[in-house]
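The values are calculated or read from the model by the stated rules, or taken from the named source; none is laboratory data. All of these numbers come straight from a predicted model, not from anything done at the bench. Note that each Cβ is placed from the backbone with ideal geometry, even for glycine, and that neighbours are counted across all protein chains shown.
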Amino acid sequence: MRICLISDVHSNLPALDAVLAAAGAVDAIWQLGDVVGYGPDPDGVVARLQERGAVGVRGNHDAAALGGSEIEWFNPDARRAMEWTRSTISDDTRAWLEALPEHRSETGCELVHGSPREPLWEYITSPGVARDNLKLLDGAVGLHGHTHMPVAWIEDAEHGTGVELVRGRPGLRLELGGRRVLLNPGSVGQPRDGDPDAAFAILDLGAATIEWHRAAYDIRAVQAEMKSAGLPGSLASRLSAGL
Ligand code: ZN
């Protein structure tokens, strides 16, 4: 079973379309939250994910788009973009977001946005946090997003911290080998690892591997759309830097 793993699409349809084209034929698309927020086309992204039968979970931006108090924790630009998102999404988009759970199990994998412990908010950015969350997994494989960084955290008794960090550089294929892992495909619509291309990963459950990839897309077109929607300029310009 070959799965296209995506996260943090953030209303960026050209980035999502570039990823879906680059992924080619897959058996499933699993999305790890933050479908909306920041970008200019929440309805277009949700329609595409619906059309492609993507399954997944809710992120903190998705929860905020539905009216949740999460918006209070956003920085001023994220908040402005979220207010815009709230005012623009269709009833269909809202209903699709409402139906997303915070936790989901698919074929023995656990899907969350932030972490298994705190699915909406916790950032897995340190060995300690990774170790605590690896222990909470029901099975061997946890899938998450939220940090916008393509990485794997692997349980490893030989490391002092008990956890090994692998950066998901493009083209890297990692053998999972039955170990407990937390895997992050990186962000489709707003990468933050210094590479502006849209990030995704292919999880092959038969071969027990994950492979990270990048797909180039028309960033300027998205920036122009953000400008005409009146979204904050800083959110548009960061797309060029991938930061
Ligand atoms: Zn995000």
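Observations on the model:
- Single match in E164, E122, E155, E175 (criterion: within 26 Å of P42 (Cβ to Cβ) and acidic (D, E)): E122
- All conditions in (1) modelled with pLDDT under 95; (2) within 16 Å of the ligand (Cβ to nearest atom) hold for E164, with the sole exception of (2).
- Restricted to the stretch 30-47, and to residues there that are buried (at least 24 other Cβ atoms within 10 Å of the Cβ) and in a helix (DSSP H, G or I), the residue that is farthest from the ligand (Cβ to nearest atom) is V46.
- Scanning the stretch 144-161 for residues that are outside any loop (DSSP other than H, G, I, E, B) and either over 27 Å from L239 (Cβ atoms) or within 16 Å of the ligand (Cβ to nearest atom) (or both) turns up P150, V151, I154, E155.
- Residues satisfying the stated conditions in the stretch 78-117, i.e. within 23 Å of L205 (Cα to Cα) and in a helix (DSSP H, G or I): none
- Selection within the stretch 115-138: residues that are surrounded by fewer than 16 Cβ atoms within 10 Å (Cβ to Cβ), under 15 Å from the mean Cα position of the chain (by Cα) and within 15 Å of L165 (Cα to Cα). The member of this set that is nearest to the ligand (Cβ to nearest atom) is Y123.
- Against the list (1) in contact (Cβ under 8 Å) with a residue 24 or more places away in the chain; (2) closer than 21 Å to R192 by Cα; (3) not β-branched (V, I, T), the condition R79 fails is (1).
- From V181, V222, residue being more than 16 Å from the ligand (Cβ to nearest atom), at pLDDT 95 or above and touching a Gly at 6+ places or on another chain (Cβ under 9 Å): V181
- Residue in the stretch 218-227 that is part of a loop (DSSP other than H, G, I, E, B) and of a type outside the set (K, R) present: yes
- The set of residues in the stretch 171-208 that are surrounded by fewer than 16 Cβ atoms within 10 Å (Cβ to Cβ) and not hydrophobic (A, V, I, L, M, F, W, C) comprises G171, R173, E175, G177, G178, G194, G206.
- Note on the stretch 1-29: among residues that are in contact with a strand residue (DSSP E or B) (Cβ under 8 Å, 6 or more places away or on another chain) and within 16 Å of the ligand (Cβ to nearest atom), the one that is nearest to S228 (Cα to Cα) is N12.
- Unique residue being in contact (Cβ under 8 Å) with a residue 60 or more places away in the chain and over 24 Å from V35 (Cβ atoms) when the list is G206, G178, G162: G206
- Of all residues in the stretch 60-77, those that are away from the ligand (no atom under 15 Å from the Cβ), assigned to a helix (DSSP H, G or I) and surrounded by 14 or more Cβ atoms within 10 Å (Cβ to Cβ) total 0.
- For the residues V141, V188, the requirement of being within 16 Å of the ligand (Cβ to nearest atom) and of a type outside the set (S, T, Y) singles out V188.
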